[in-house]
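Participant: Sending over a structure as structure tokens; questions will come in a sec.
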Amino acid sequence: MEENPRKGNIFRYIAYALIAAAVVGFGIYFLTPKKLTVAEGKNMVLFIDNQIIDIDRNMKSDLSKADIATRLSWHKSNTSLYNEVKGSKDKVIKPKVDTLETKIIQIQTKEFPSMRKAYADSKKEVLGTQQINIATSGPKNDTLIFNGALFGSEKSKDAFLDNIKPIIQDLRFKKVVYKWSDKDSSDYKVRAKQDVEI
């Protein structure tokens, strides 16, 4: 007695269909934004309002007295809040999210150029002991320049870049230039967000 090969295929197709349905179900459950309760909505509005007030206050003050790590952390918390609320469809929260976005972009375009300059200034003394000069250039201080004989070696440049890569990405530098003589230099483009990106 011969078995029908179609019978096995039917069960296989049913199993595939059940798996696909489960994947779609999980996707809908986990990716669909949850509706906020009234209390959660009020709390979210309060968080957004407080952050907007904080950004406005910082726009009027000189943040250069705070250390770079503190300033970066504050910008990251702004980004975190924005990312949490940006997809909201709530008609009370949505306009506040738009205002928050505008304020974050304003403070970032004000702050990041000065933070990049402050970073270079803060490293001058330490790097000077190793006969390395550091500076920024460009209207937004987004090019970081190192000058020293150490950078004549490709290995030295790569190791140096590996050590500073996280901070130069956080500070949104666009390019790092190494100079080791009056005529010799090399450039490295940095993959980082623009100052106007959240």
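Each reported figure results from applying straightforward, stated rules to the coordinates on display, with no laboratory input. Computed from a predicted structure; not experimentally measured. We place every Cβ from the backbone using ideal geometry, glycine too, and count neighbours over all the protein chains shown.
Participant: Assuming 1.002 mPa s and 20 °C, estimate D for segment 104-148 with Stokes-Einstein, Rh taken as the Kirkwood radius over Cα pairs, in µm²/s.
Facilitator: Working: Rh = 11.1 Å.
Estimated via Stokes-Einstein, D reaches 194 µm²/s.
Participant: Follow-up question, since we're still on this one. Past 31 Å, Cα to Cα: identify those pairs from LYS89/LYS175; LYS42/LYS140; LYS91/LYS165; LYS96/LYS140; LYS65/LYS91, in the order given.
Facilitator: Numbers: LYS89/LYS175 38 Å; LYS42/LYS140 38 Å; LYS91/LYS165 41 Å; LYS96/LYS140 29 Å; LYS65/LYS91 38 Å.
Checking Cα-Cα distances, LYS89/LYS175; LYS42/LYS140; LYS91/LYS165; LYS65/LYS91 exceed 31 Å.
Participant: Sticking with this structure for a sec: Return the distance in nm (one decimal) between the two label points of a simple spin-label model at SER153 and LYS42, each offset 7 Å from Cα along Cα→Cβ.
Facilitator: Here the modelled spin labels are 6.5 nm apart.
Participant: Kirkwood hydrodynamic radius (Cα pairs, Å) of segment 46-162?
Facilitator: Numbers: mean 1/r = 0.0603 Å⁻¹.
Computed over segment 46-162, the radius equals 16.6 Å.
Participant: Going by Cα centres, segment 79-148 and segment 152-178 are how many Å apart?
Facilitator: 17
Participant: Now for a separate question. So which trypsin sites (Lys or Arg not before Pro) in segment 90-198 end up in coil per DSSP with only 13 or fewer other C-beta atoms within 10 Å?
Facilitator: Numbers: sites: LYS91, LYS96, LYS103, LYS110, ARG116, LYS117, LYS123, LYS124, LYS140, LYS155, LYS157, ARG172, LYS174, LYS175, LYS179, LYS183, LYS189, ARG191, LYS193; in loops: LYS91, LYS140, ARG172, LYS174, LYS183, ARG191, LYS193.
Answer in residue order: LYS91, LYS183, ARG191, LYS193.
Participant: Let me ask something else. Past 21 Å, Cα to Cα, is the threshold; run LYS117/LYS174; LYS60/LYS86; LYS124/LYS157; LYS76/LYS179; LYS76/LYS189 against it and keep the listed order.
Facilitator: Pairs exceeding 21 Å: LYS60/LYS86; LYS76/LYS179; LYS76/LYS189.
Participant: Same structure again: For VAL126 and LYS183, what is the calculated FRET efficiency with R₀ set at 25 Å and r taken between the beta-carbons, to the nearest 0.05?
Facilitator: Working: r = 27 Å, r/R0 = 1.07.
FRET efficiency, VAL126 to LYS183: 0.40.
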